[in-house]
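Reading through the structure tokens given below for one structure.
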């Protein structure tokens, strides 16, 4: 009987510690549990966001792109290229990124934002290594900003917003991308 009790206690403690560790890892994960208190990219703007968006050239300009046949990736990259004073020609590189890479996978706003960061990195740094290091650092900031606000996959995003929600989403993303690529403007004349 005592042997059985020890075995059961041991299993209980192992199970309990596993449960405790699992809960700890889940709460510390970069993918927060979705609850009603979490702000999402498609939610209504706060008063502070309304002011920031009204003063952001990209957040205002991005509303000109929907309805022109551009995917999310092309929308954000064209808006960023316009903001950076670059030719639209390289924006066609985003053509295959729409619709979550054509497979409802990674969101085009996310991939297009990363492309915009790459363009900005090329404006700031001449060396390949410095460009890559800078782009990686800024892209990580963008990714870390995104994760608590929305899923990364197109198939998970589309059902969550309506037309107004989509407009708010692209404006929030444009505001963040503008913040991240703005340093490139001071290097554009060099």
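Some observations on this one:
- Residues of the stretch 104-138 that are under 9 Å from the mean Cα position of the chain (by Cα) and in a helix (DSSP H, G or I): 109, 110, 111, 113, 114.
- Condition check for residue 107: in contact with a strand residue (DSSP E or B) (Cβ under 7 Å, 6 or more places away or on another chain) and modelled with pLDDT under 95: yes
- Filtering the stretch 66-100 to residues that are touching a residue at least 60 places away in the same chain (Cβ under 8 Å) and in a loop (DSSP other than H, G, I, E, B) leaves 66, 85.
The values are calculated or read from the model by the stated rules, or taken from the named source; none is laboratory data. Only a predicted model underlies this, so the values are computations on that prediction, with no experimental measurement involved. Note that we place each Cβ from the backbone using ideal geometry, even for glycine, and neighbour counts take in every protein chain shown.
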